[in-house]
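Enquirer: This structure is in C-alpha cells; I'll ask about it shortly.
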Amino acid sequence: MIESVTKKKFLVPSDLSEVQKVSAKVLAFLKPLDLSQAFLFDVRLCLEEALINAIKYGNSLRKDLKVALEVGYDDTQVQIAVEDQGKGFDPKELKICTSEENLLRTRGRGVYLIHQLMDRAKYNSRGNRLVMVKFLGK
Amino acid sequence: MDLKSFQQDGVTVFQVDGEINISTSPELKKFFEKQPAKKVVVDLERVTYIDSSGLATLVEMLKKTKSQGGGLGLAAMSEKVKSLFEITKLDKLFSISQNKQEAVSKVK
C-alpha cells in the first residue's frame with residue numbers, strides 16, 4: 001500500500017450481502033476527495049467486483065473466512081487492496097471475455113473491467129491479493 | 001430495484017429502475033423468466049449502476065430469447081452504463097438503441 005495520508009482497513013465477512021454495505025462505507029471514506037460521479041462509479045464497480053470474487057471464488061463463501069480490505073488515498077491516487085484467504089488463482093487462466101467466441105459467456109468480465117477501469121491492477125504471485133490504483137484528475 | 005413489464009407494439013418491454021448488481025440480478029432474471037417472450041426490449045433509462053453480474057444476466061436473457069427464435073434490444077442506457085458495454089464489447093452482441101421506441105421498432 002502507498003504511504004497514504006489517509007487509510008482505512010476493513011475485515012469483510014464472506015457473505016455477498018456485505019458487498020454493498022462495505023462499498024458504501026468506502027465511498028463515504030473517499031468523500032473528502034470530492035470525486036466525480038464517473039470516478040466514483042469506476043472505483044465502486046472495481047471494488048465490488050474484487051470483493052465478489054474474493055468472497056465467492058477466493059473464500060468459497062465460507063463464513064469462517066474473511067476478506068481483508070485496505071483503502072488509502074493521497075493527493076494523487078486512490079489505492080485499494082483486497083485479499084482473501086483462498087488458495088489464489090492465476091489471472092492468466094481467465095478467458096478473454098471480449099473475444100467473439102466468449103461474448104456469450106456469463107463469467108470473467110469482473111477482472112477484465114477492473115483492469116480496464118483502474119490505472120493499475122496487480123495480483124500477488126499466489127493470486128489471492130489484488131492491489132488496484134486509480135489516479136486522481138483522470 | 002423496481003421492475004415493470006408491459007406490451008408495446010407486440011413487444012414485451014421490461015422497465016428496470018435502480019441498480020442491476022450482484023444482489024438484484026437474480027430478481028431481474030426471475031422476473032424475466034416468469035414472462036416468457038420472444039420479442040423483448042429492456043429499458044435501462046432508470047438504471048444507475050450495473051456490475052458484471054448485471055451484464056451476465058442481460059447476456060442470459062439475450063441467449064434465451066435468441067434460442068426461442070426471438071430478439072432482445074436494450075434501450076436508453078446512460079453514457080456510463082453504455083461505456084461498460086463498449087469496454088466489454090457487449091455492444092457488438094446487443095442491439096442498443098437511444099430510446100425505447102427505437103428499440104421496439106428494431107425488435108418487432
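The values are calculated or read from the model by the stated rules, or taken from the named source; none is laboratory data. For clarity, every value in this text was computed on a predicted model and none was experimentally measured. So basically every Cβ, Gly included, is an ideal-geometry build from the backbone, and we count neighbours across all protein chains shown.
Enquirer: Given the conditions (1) over 25 Å from residue A:55 (Cβ atoms); (2) of a type outside the set (D, E, K, R); (3) in a strand (DSSP E or B), which single one is not true for residue B:48?
Expert: Of the numbered conditions (1) over 25 Å from residue A:55 (Cβ atoms); (2) of a type outside the set (D, E, K, R); (3) in a strand (DSSP E or B), the odd one out for residue B:48 is (1).
Enquirer: Please indicate, with yes or no, whether at least one residue in segment A:111-130 is within 14 Å of chain B (Cβ to nearest Cβ) and on the phi > 0 side of the Ramachandran plot.
Expert: No, there is no match, as no residue in segment A:111-130 is within 14 Å of chain B (Cβ to nearest Cβ) and on the phi > 0 side of the Ramachandran plot.
Enquirer: Can you tell me how many residues within segment A:36-75 are among the small types (Gly, Ala, Ser) and within 14 Å of chain B (Cβ to nearest Cβ)?
Expert: Counting residues in segment A:36-75 that are among the small types (Gly, Ala, Ser) and within 14 Å of chain B (Cβ to nearest Cβ) gives 4.
Enquirer: Restricting attention to segment A:2-9, does a residue exist that is under 19 Å from residue B:51 (Cα atoms) and either touching a helix residue (DSSP H, G or I) at 6+ places or on another chain (Cβ under 7 Å) or in a loop (DSSP other than H, G, I, E, B) (or both)?
Expert: Scanning segment A:2-9, I find no residue that is under 19 Å from residue B:51 (Cα atoms) and either touching a helix residue (DSSP H, G or I) at 6+ places or on another chain (Cβ under 7 Å) or in a loop (DSSP other than H, G, I, E, B) (or both), so the answer is no.
Enquirer: Another one. Considering only residues of segment B:12-45 that are part of a helix (DSSP H, G or I) and among the acidic types (Asp, Glu), which is surrounded by the most Cβ atoms within 10 Å (Cβ to Cβ)?
Expert: Across segment B:12-45, the extreme among qualifying residues is B:27.
Enquirer: Next question, about the same structure. Count, please, the residues in segment B:33-60 that happen to be in contact with a strand residue (DSSP E or B) (Cβ under 7 Å, 6 or more places away or on another chain), closer than 23 Å to residue A:108 by Cβ and within 14 Å of another protein chain (Cβ to nearest Cβ).
Expert: Number satisfying all stated conditions: 6.
Every residue, every condition in (1) over 21 Å from residue B:54 (Cα atoms); (2) modelled with pLDDT of 95 or more; (3) within 15 Å of the chain's Cα centre (by Cα); (4) acidic (Asp, Glu), yes or no:
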position	(1), (2), (3), (4)
A:39	no, yes, yes, no
A:52	no, yes, yes, no
A:94	no, no, no, no
A:129	yes, yes, yes, no
A:132	yes, yes, yes, no
A:138	yes, no, no, no
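Enquirer: How many of the residues making up segment B:78-106 are within 13 Å of chain A (Cβ to nearest Cβ), among the hydrophobic types (A, V, I, L, M, F, W, C), farther than 16 Å from residue A:100 by Cα and not in a helix (DSSP H, G or I)?
Expert: Summing the residues that are within 13 Å of chain A (Cβ to nearest Cβ), among the hydrophobic types (A, V, I, L, M, F, W, C), farther than 16 Å from residue A:100 by Cα and not in a helix (DSSP H, G or I) in segment B:78-106 gives 0.
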